[in-house]
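The values are calculated or read from the model by the stated rules, or taken from the named source; none is laboratory data. This is a predicted model, so every value here is computed, not measured. Cβ sites come from the backbone with ideal geometry, for glycine too, and all protein chains shown count toward neighbours. These accessible areas exclude ligands, DNA and RNA; they are computed on the full protein's heavy atoms, side chains included. Shrake-Rupley method; radii C 1.70, N 1.55, O 1.52, S 1.80 Å.
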Amino acid sequence: FLLLSEKDAINFELASFLLEKHPELGPRIVYHVANLRFLRVMRETRVVQQCNTFNQYELAATQLAREWLIKRFNTTEHRDTVVLAGFGIFGQSILEQLERHASDAFNRVAIVDLKAEQRTLIADEQVETERQYSRHTYEGDIDDPEIWQRLFKEVVIREEEPVFVITTGDDQTNLRCAIWLRQQFKNALIISRTLAPSYFARGVCSEHSIVSVNTAELVEASIPHAWYR
């Protein structure tokens, strides 16, 4: 049973109903939860533990971290600097994956977002271990040159070029920022996200040695094989 309503309340209600009527169906019930903060509070409940929950951005972040970021970390002798431009659910999920699976591979994280302070506090709610890196937040628009000037002065302080992950909700802003960053850093890993597959974005990124990813394909690649059985 795949429960894919855009409303979490409906998915939770229907999953609870199925589980109540047919407890043996638990492992075969898969439902989407958009509100990760709510899901994590509910993680000890029966309807979460006995069924399968997922969030599209969390799935996408898992695939991105596995396919690009951790592989990059494994090729560098130093501990990397990571810049997350855009820190919504997707950006928060990326950082969570890195904390879980590569905590000893990076030593600085810079976060640029219109609500950077609030969202980092929300992300901190999910951290169960001591943070092993320094974190720098820059509240504002990624189109603001002053933010990048401060970031380059305060965070990018070594010769090693950082990893940039550009994941705001505006595809054109992500592309523009990624191309501009490539002009500043010739050897950095730069990832630009689009919400849906885009031939335009893929072509432009290829011309500038930028990794173009999109949420839809990342989610598709990360769906557990067990769900197909």
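Some values worked out for this structure:
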| item | result |
| --- | --- |
| Any pair with Cβ under 7 angstrom, 6 or more apart, that starts in region 89-113 at a residue that is assigned to a helix (DSSP H, G or I) and ends at one that is open to solvent by 10 Å² or more (accessible area, probe 1.4 Å) and among the acidic types (Asp, Glu) | Ser93/Glu58 |
| Enumeration of residues in region 114-139 that are closer than 20 Å to Leu189 by Cα and charged (D, E, K, R) | Arg135 |
| Count - residues of region 124-171 that are part of a loop (DSSP other than H, G, I, E, B) and either open to solvent by 40 Å² or more (accessible area, probe 1.4 Å) or of a type in the set (Gly, Ala, Ser) (or both) | 19 |
| Residues satisfying the stated conditions in region 200-223, i.e. without any contact (Cβ under 8 Å) to a residue 12 or more places away in the chain and either within 20 Å of Ala65 (Cβ to Cβ) or of a type in the set (Ser, Thr, Tyr) (or both) | Ser206, Glu220 |
| Phe73 being closer than 30 Å to Lys153 by Cβ, among the aromatic types (Phe, Trp, Tyr), assigned to a helix (DSSP H, G or I) and open to solvent by less than 20 Å² (accessible area, probe 1.4 Å) | yes |
| Filter result (open to solvent by 10 Å² or more (accessible area, probe 1.4 Å) and of a type in the set (A, V, I, L, M)) within region 96-112 | Ala105 |
| Test: residue in region 175-182 that is under 22 Å from Tyr133 (Cα atoms) and open to solvent by 90 Å² or more (accessible area, probe 1.4 Å) | no |
| All positions within region 5-41 that are within 18 Å of Gln92 (Cα to Cα), aliphatic (A, V, I, L, M) and touching a helix residue (DSSP H, G or I) at 6+ places or on another chain (Cβ under 8 Å) | Val33, Ala34, Leu36, Leu39 |
| From the options Ala9, Ala34, Ala61, residue that is in contact with a Ser or Thr (Cβ under 6 Å, 6 or more places away or on another chain) and aliphatic (A, V, I, L, M) | Ala61 |
| Unique match (being within 18 Å of Asp80 (Cβ to Cβ) and touching a residue at least 12 places away in the same chain (Cβ under 8 Å)) among Arg135, Arg193 | Arg135 |
| Residues of region 183-210 that turn out to be open to solvent by less than 10 Å² (accessible area, probe 1.4 Å) and over 21 Å from the mean Cα position of the chain (by Cα), as a count | 0 |
| Any hit, region 219-226, residues being within 18 Å of Thr81 (Cβ to Cβ) and either open to solvent by less than 20 Å² (accessible area, probe 1.4 Å) or modelled with pLDDT of 95 or more (or both) | no |
| All positions within region 29-47 that are closer than 21 Å to Glu125 by Cα and either touching a Pro at 6+ places or on another chain (Cβ under 6 Å) or part of a helix (DSSP H, G or I) (or both) | Leu36, Arg37, Phe38, Leu39, Arg40, Val41 |
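Matching residues to (1) within 12 Å of Val211 (Cα to Cα); (2) at pLDDT 95 or above:
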{"residue": "Val163", "(1), (2)": "yes, yes"}
{"residue": "Gly169", "(1), (2)": "no, no"}
{"residue": "Leu175", "(1), (2)": "yes, yes"}
{"residue": "Trp180", "(1), (2)": "no, yes"}
{"residue": "Asn187", "(1), (2)": "no, no"}
{"residue": "Ile190", "(1), (2)": "yes, yes"}
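Matching residues to (1) in contact with a strand residue (DSSP E or B) (Cβ under 7 Å, 6 or more places away or on another chain); (2) surrounded by fewer than 21 Cβ atoms within 10 Å (Cβ to Cβ); (3) under 25 Å from Leu3 (Cα atoms):
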residue: Val30; (1), (2), (3): yes, yes, yes
residue: Leu39; (1), (2), (3): yes, yes, yes
residue: Arg43; (1), (2), (3): no, yes, yes
residue: Asn52; (1), (2), (3): yes, yes, yes
residue: Phe87; (1), (2), (3): yes, no, no
